[in-house]
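Data first, discussion second: the structure below is written as structure tokens.
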Amino acid sequence: MKITFMKFIFISCVMMINTVQSQQIDFPRNQHKDSVSLAIYMPVMAKKIIPLYKKTGNSDYKDNLFRVKLVAKDYKSLTPLLREIAQEEYGDSTKLRALGIAFRWYGNTMMSNPKSQAAINESFEKQFAKLYPTFDAEGKLMVDQYYEKDLKQLKNDLDTKLKNIAGKDKISIDDAVKLCRFYCSYIVFSSTLPKAKEMLKAIDEAKYISDENVVLTMKDGGTIALTIVRPKNAETPLPVILKYNIYAGSDKADCKEAASKGYVGIVANTRGKRLSKDDIEPFEHDAKDAYEIIDWISRQSWCNGKIGMFGGSYLGFSQWSAAKYKHPALKTIVPQVSVGVGIDYPMHNGVFMSYMLRWIHFVSNNKLIDMGDFGDENHWNKTFKDYYTSGTPFRQLDNTEGRSNTLFQRWLSHPTYDSFWQNMTPQKEEFANIDIPILTTTGYYDDDQLGAMYYYKQYQKWNKNDNYYLIIGPYDHSGAQGYPKTSLNDYKIDEVANIPIQEIVYQWFDYTLKGGPKPEILKDKINYQLMGANIWQHAPSLEKMHNDELTFYISNGNKLTTIAGNTDMFVPQEINFKDRSDYKASSDNNYCGFAAIEPKTLPEDKNLMVLESEPLTEPLAITGNAKAYFDIEINKKDLDITFQLYEKKPDGTYFALSNNLERASLAKDRYERKLLIPNQKQNIPFENNFMACRQLQKGSRIVILLGVNKSADWQINYGTGKDVSDESIKDADEPLRIKWFTSSKFVIPVTK
């Protein structure tokens with residue numbers, strides 16, 4: 001569950017900086033001993049950074065450069081750079097005129113060299129009054145979100161970063177850029193936020209009736225904080241758009257977006273967040289709390305009895321939690337890039353991820369979110385590296401990080417999909433009881449695609465209504481819940497894929513809650529963009545997306561063949577879990593583990609073997625998720641299998657399609673671990689894989705990277721059969737030996 005909780009790169013605070021520029025830059029400790037010396041030296045340092053900071057395949061390079069230039073007081077370059085970012089990132093520099101506007105207004109103000117805060121306020125007020133009325137609804141929403149900041153939190157984030165580099169006279173270029181980001185946000189909003197809030201409040205009072213201080217008490221005594229915004233000119237009760245959000249802090253802007261479109265906008269913060277005094281326990285209370293929240297809303301005089309929900313990631317999960325005990329007033333949900341709790345987060349196909357600890361601190365350190373902690377990529381990379389290189393048990397990761405964590409330990413105590421996880425979302429017949437229309441959006445490179453598709457498949461298995469629509473395209477976790485990026489690192493998406501998902505969501509609400517027309521893109525239940533063909537395809541079901549299958553078998557010589565091998569033949573592989581020389585730092589700039597979507601060469605990993613097919617004799621399209629059925633024999637009781645799928649294009653370069661892993665002992669039953677029998681041949685299904693839809697050329701080859709997970713990003717399964725969280729490098733005396741029998745097969749859905 002990669003966290004992107006706002007819509008645009010300048011709104012999102014998550015630091016996505018590739019830590020590859022190790023060059024050092026002077027930052028004498030006496031220059032940041034206090035706020036005065038820091039203010040003097042930061043522009044000096046920023047000017048030194050600009051010629052040294054190079055683009056390294058990072059899609060956020062210009063975003064970072066923008067912040068550095070602002071700190072360097074190069075104000076004239078800001079507006080042209082913003083236009084470039086809008087065009088390159090989202091394919092539209094005209095519609096996104098409000099992108100970065102808070103920073104641009106500050107830069108324009110400072111160009112006049114104001115001598116006092118009063119002068120700053122006067123200049124800012126003139127710009128605001130001139131431009132704000134010219135923005136469309138989305139532009140005004142962006143302005144709202146920029147100024148829904150907490151100065152205390154921004155100062156804490158900056159102080160956290162300064163604390164991390166205290167005592168140093170030199171820092172890396174990456175650390176310097178990150179510091180500029182935190183410093184940039186603090187100086188911009190400390191100068192302009194009070195005046196902006198004052199002006200926005202006057203606008204709001206003329207258009208809306210707002211209440212940010214509603215606290216509901218649940219039947220068990222727990223409390224939930226609500227923010228409510230209603231159109232002031234409403235003469236009759238209205239339908240309600242509800243977001244159920246753990247990422248407290250930008251609540252009013254979200255509510256105003258709904259109110260500006262003729263709805264009552266409400267954000268309910270998860271129990272424990274914002275004004276709630278309860279403990280923060282993500283996922284655990286949302287299902288039962290949701291029913292009581294919706295019940296209260298439905299009884300208010302301004303509600304017409306129709307409530308719709310939307311949002312992405314955790315907010316996608318929270319909608320499914322609301323559907324578990326569905327209230328009659330809940331008329332539709334739009335779960336986007338939904339976390340499949342217990343399915344793909346915090347464990348992914350049975351394998352716990354290191355990232356879970358970072359996320360826990362992000363949402364539970366305070367009543368809002370802790371960007372200073374979350375954005376300290378160096379700290380988290382060091383934590384995960386120390387865990388990996390030392391070989392300590394995964395259960396000790398919180399102590400390795402330096403803070404024992406109750407939530408982390410609680411989650412680890414539930415390593416299968418047991419009642420702890422099941423109680424959070426619909427199960428079996430509860431899916432059958434969902435009688436409302438649903439729209440889901442996800443992406444081929446969405447880290448939570450498996451979660452989104454889990455709910456879809458469970459609904460199809462148990463529910464006979466089939467009132468469920470899906471949109472999927474070449475989107476990452478952020479793009480699939482709002483505004484797609486035109487490029488994912490090195491891959492430029494097809495032109496037709498750049499659709500306004502946020503607008504489609506509100507078209508859906510108009511359709512389901514107000515009787516308007518169905519969104520044009522929903523021509524059938526499954527709506528998917530075929531990468532490489534620049535077209536959208538539509539199908540009534542996942543099964544109807546393809547009309548054929550390619551079946552490949554493992555062959556000696558690292559080949560994929562269409563002919564099944566002798567059942568006694570195998571390809572051997574050995575994994576040395578004692579070897580820790582292969583450590584690789586993770587990056588926040590990867591998409592589903594891919595640093596590049598169109599790499600010239602395959603990534604090197606000695607724990608993965610490369611299997612390659614013969615060239616395709618005709619063009620065809622991959623349209624669905626590949627599955628595998630492994631006949632294997634190992635000398636241990638378990639293993640975590642890694643599977644990556646690529647197209648090798650006729651020119652010898654590659655296209656990354658899907659990347660996945662799964663615990664073998666849970667492959668047949670996620671509810672109960674079934675250990676493998678050492679030195680005995682057995683079949684392992686590998687079916688819960690990422691979907692990708694891609695037009696392949698004649699002459700392309702299918703390439704599969706197959707092996708075993710051994711990474712700082714995940715638990716390491718040493719195969720003893722003990723709880724994997726308790727295993728350590730002490731259990732690695734004997735290497736893992738695998739026999740991949742040539743009867744093992746890969747089944748890839750295709751359309752000819």
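Rundown of residues vs (1) surrounded by 21 or more Cβ atoms within 10 Å (Cβ to Cβ); (2) touching a Pro at 6+ places or on another chain (Cβ under 7 Å); (3) modelled with pLDDT of 90 or more; (4) under 25 Å from LEU96 (Cβ atoms), yes/no style:
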residue: ALA129; (1), (2), (3), (4): no, no, yes, yes
residue: LEU151; (1), (2), (3), (4): no, no, yes, no
residue: ASP159; (1), (2), (3), (4): no, no, yes, no
residue: VAL188; (1), (2), (3), (4): yes, no, yes, yes
residue: LEU193; (1), (2), (3), (4): no, no, yes, yes
residue: LYS197; (1), (2), (3), (4): no, no, yes, yes
residue: LYS219; (1), (2), (3), (4): no, no, yes, no
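Here region 236-268 is the region considered, the condition is being of a type in the set (Asp, Glu) and open to solvent by less than 10 Å² (accessible area, probe 1.4 Å), and the residue that is nearest to PHE283 (Cα to Cα) is ASP251. With respect to ASP398, determine if the residue is in a helix (DSSP H, G or I), in contact (Cβ under 8 Å) with a residue 40 or more places away in the chain and over 21 Å from the mean Cα position of the chain (by Cα). Against the criterion (in a helix (DSSP H, G or I), in contact (Cβ under 8 Å) with a residue 40 or more places away in the chain and over 21 Å from the mean Cα position of the chain (by Cα)), ASP398 qualifies.
Select from region 691-724 the residues that are in contact with a Pro (Cβ under 8 Å, 6 or more places away or on another chain), more than 30 Å from LYS600 (Cβ to Cβ) and open to solvent by 10 Å² or more (accessible area, probe 1.4 Å) and list them in ascending order. Hit for region 691-724 is ASP723, nothing else. Of the residues that make up region 409-427, is at least one part of a helix (DSSP H, G or I), surrounded by 21 or more Cβ atoms within 10 Å (Cβ to Cβ), of a type in the set (Gly, Ala, Ser) and modelled with pLDDT of 95 or more? Looking through region 409-427, none of the residues is part of a helix (DSSP H, G or I), surrounded by 21 or more Cβ atoms within 10 Å (Cβ to Cβ), of a type in the set (Gly, Ala, Ser) and modelled with pLDDT of 95 or more. Can you tell me which residue within region 576-607, out of those that are within 26 Å of GLN695 (Cβ to Cβ) and of a type in the set (A, V, I, L, M), is surrounded by the most Cβ atoms within 10 Å (Cβ to Cβ)? Filtering region 576-607 for residues that are within 26 Å of GLN695 (Cβ to Cβ) and of a type in the set (A, V, I, L, M), the one surrounded by the most Cβ atoms within 10 Å (Cβ to Cβ) comes out as ILE597. Condition first: over 20 Å from ALA329 (Cβ atoms) and either open to solvent by less than 30 Å² (accessible area, probe 1.4 Å) or in a strand (DSSP E or B) (or both). Now tell me which residues in region 284-304 satisfy that. Result: no residue meets the conditions.
Can you find a residue that is part of a strand (DSSP E or B), at pLDDT below 95 and either crowded, with 20+ Cβ neighbours inside 10 Å or polar (S, T, N, Q) (or both) anywhere in region 639-652? Yes, region 639-652 contains a residue that is part of a strand (DSSP E or B), at pLDDT below 95 and either crowded, with 20+ Cβ neighbours inside 10 Å or polar (S, T, N, Q) (or both). Scanning region 466-502 for residues that are open to solvent by less than 10 Å² (accessible area, probe 1.4 Å), within 16 Å of LYS523 (Cβ to Cβ) and of a type outside the set (A, V, I, L, M, F, W, C) yields TYR468, GLY473. Every condition in (1) within 22 Å of ASN660 (Cα to Cα); (2) under 31 Å from the mean Cα position of the chain (by Cα); (3) open to solvent by less than 40 Å² (accessible area, probe 1.4 Å) is met by GLU727 except one, and the failing one is (1). When region 531-547 is limited to residues that are open to solvent by less than 40 Å² (accessible area, probe 1.4 Å) and of a type outside the set (Gly, Ala, Ser), the one that is nearest to GLN460 (Cα to Cα) turns out to be LEU542.
Does region 91-119 hold any residues that are part of a helix (DSSP H, G or I), open to solvent by 20 Å² or more (accessible area, probe 1.4 Å) and not charged (D, E, K, R), and which are they? Hits for region 91-119 are ASN108, MET110, MET111, GLN117, ALA118, ALA119. For first residues located in region 258-283 and in a helix (DSSP H, G or I), partners that are small (Gly, Ala, Ser) and modelled with pLDDT of 95 or more and lie 6+ apart or on another chain with Cβ distances below 6 Å form the pairs ALA258/GLY265; ALA259/GLY265. When you check GLN458 against the structure, is it in contact with a helix residue (DSSP H, G or I) (Cβ under 8 Å, 6 or more places away or on another chain), in a helix (DSSP H, G or I), buried (at least 17 other Cβ atoms within 10 Å of the Cβ) and modelled with pLDDT of 95 or more, yes or no? Considered against the rule, which asks whether it is in contact with a helix residue (DSSP H, G or I) (Cβ under 8 Å, 6 or more places away or on another chain), in a helix (DSSP H, G or I), buried (at least 17 other Cβ atoms within 10 Å of the Cβ) and modelled with pLDDT of 95 or more, GLN458 comes out as yes.
The values are calculated or read from the model by the stated rules, or taken from the named source; none is laboratory data. These figures come from a predicted structure and were not determined experimentally. Because the Cβ atoms are built from the backbone with ideal geometry, glycine has one as well, and the counts that use them run over all protein chains shown. To get the accessible areas, we keep the full protein, side chains included, count just its heavy atoms, and leave off ligands, DNA and RNA. Shrake-Rupley method; radii C 1.70, N 1.55, O 1.52, S 1.80 Å.
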